[in-house]
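Here the structure comes first, spelled out in structure tokens, and everything after it is commentary.
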Amino acid sequence: MAEQKHVKDKTGVAIPGNQLAGNTRLILEERARLLARTPESKADMGGMLEVQAFHLGTEYLGVPTNMVQEIQPLHAHHWSRVPCVPAFITGIVNLRGRICSIMDLAAFWGLPSRPISESTHILLVRGINQSDNQEIELTLLIDNCAEVRIIRPDELNPSPSTVSVKVQTYVRGVTSDMMMVIDLESLLSDPGIIVSDGE
């Protein structure tokens, strides 16, 4: 006779597997699979790349999830504009006591501007500035979040000639459905994103 499998609910009570609804069982299995993943597998899944996709105007972009700290609706936080800063700095935001600059990639790249709306989000990213080996973090202004995707290295193609040279500098590659994967290391190491007191 086959051994009957049990699943424990959040109270610790064992429930026979055949009493779980099909959808509930799938959800529990998926949660277990996600929880079992190690940080290393998330960052480097055998050469695969996991990216958070999002939209920026008409552009479809993605950033590596191992550099994403959090994603929040902009309207859920206190933020304000700052005078005498470059046009690509939308303002600053208070994230649980930490003051972070809000960078508008569209303005930085010279793309058409978009109004801030209820769907506007901020994406907090963190990485290493390769020029001085110092940790740096900032929030990117995005229009809305899409899905998390797993990409094979051979899915990334060179940027098409229609993409401006400035944008190509920060793009690791482009997928067949035209999602541009951003090279965050290059972006965070660009001295042009550092705003000094004199600017």
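The values are calculated or read from the model by the stated rules, or taken from the named source; none is laboratory data. From a predicted model like this one, the values you see are computed outputs, not experimental measurements. Note that each Cβ is placed from the backbone with ideal geometry, even for glycine, and that neighbours are counted across all protein chains shown.
Select from the stretch 104-122 the residues that are more than 23 Å from residue 169 (Cβ to Cβ) and loosely packed, with under 11 Cβ neighbours inside 10 Å and list them in ascending order.
115, 117, 118
Among strands (runs of 3 or more DSSP E) lying entirely in the stretch 132-199, which contain 2 or more residues that are in contact with a Phe, Trp or Tyr (Cβ under 9 Å, 6 or more places away or on another chain)?
Details: elements: 134-142, 144-151, 171-174, 179-182.
Hits in the stretch 132-199: 134-142, 144-151, 179-182.
Pull up the stretch 168-193, narrow it to residues that are free of Cβ contacts under 8 Å to residues at least 24 places away in the same chain, over 17 Å from the mean Cα position of the chain (by Cα) and surrounded by 13 or more Cβ atoms within 10 Å (Cβ to Cβ), then point me to the one that is nearest to residue 133 (Cα to Cα).
Within the stretch 168-193, the match that is nearest to residue 133 (Cα to Cα) is 190.
Which residue, of 148, 125, 165, is crowded, with 17+ Cβ neighbours inside 10 Å, on the phi < 0 side of the Ramachandran plot, β-branched (Val, Ile, Thr) and in the same structural domain as residue 88 (by TED's automatic domain parsing)? Give the derivation first.
On the way: 148 fails: crowded, with 17+ Cβ neighbours inside 10 Å; 165 fails: crowded, with 17+ Cβ neighbours inside 10 Å.
Checking each option against the conditions leaves just 125.
Quick check: anything in the stretch 86-96 closer than 19 Å to residue 145 by Cα, modelled with pLDDT of 90 or more and within 14 Å of the chain's Cα centre (by Cα)?
no
Do we have residue 118 as in contact with a helix residue (DSSP H, G or I) (Cβ under 8 Å, 6 or more places away or on another chain), modelled with pLDDT under 95 and either in a loop (DSSP other than H, G, I, E, B) or in the same structural domain as residue 148 (by TED's automatic domain parsing) (or both) here? Walk me through how you get there before you give the answer.
Numbers: in contact with a helix residue (DSSP H, G or I) (Cβ under 8 Å, 6 or more places away or on another chain): yes; modelled with pLDDT under 95: yes; either in a loop (DSSP other than H, G, I, E, B) or in the same structural domain as residue 148 (by TED's automatic domain parsing) (or both): yes.
For residue 118, the condition - in contact with a helix residue (DSSP H, G or I) (Cβ under 8 Å, 6 or more places away or on another chain), modelled with pLDDT under 95 and either in a loop (DSSP other than H, G, I, E, B) or in the same structural domain as residue 148 (by TED's automatic domain parsing) (or both) - is met.
Filter the stretch 64-78 for residues that are surrounded by 15 or more Cβ atoms within 10 Å (Cβ to Cβ) and either part of a helix (DSSP H, G or I) or within 8 Å of the chain's Cα centre (by Cα) (or both) and give the result.
Within the stretch 64-78, 64, 65, 66, 67, 68, 71, 74 qualify.
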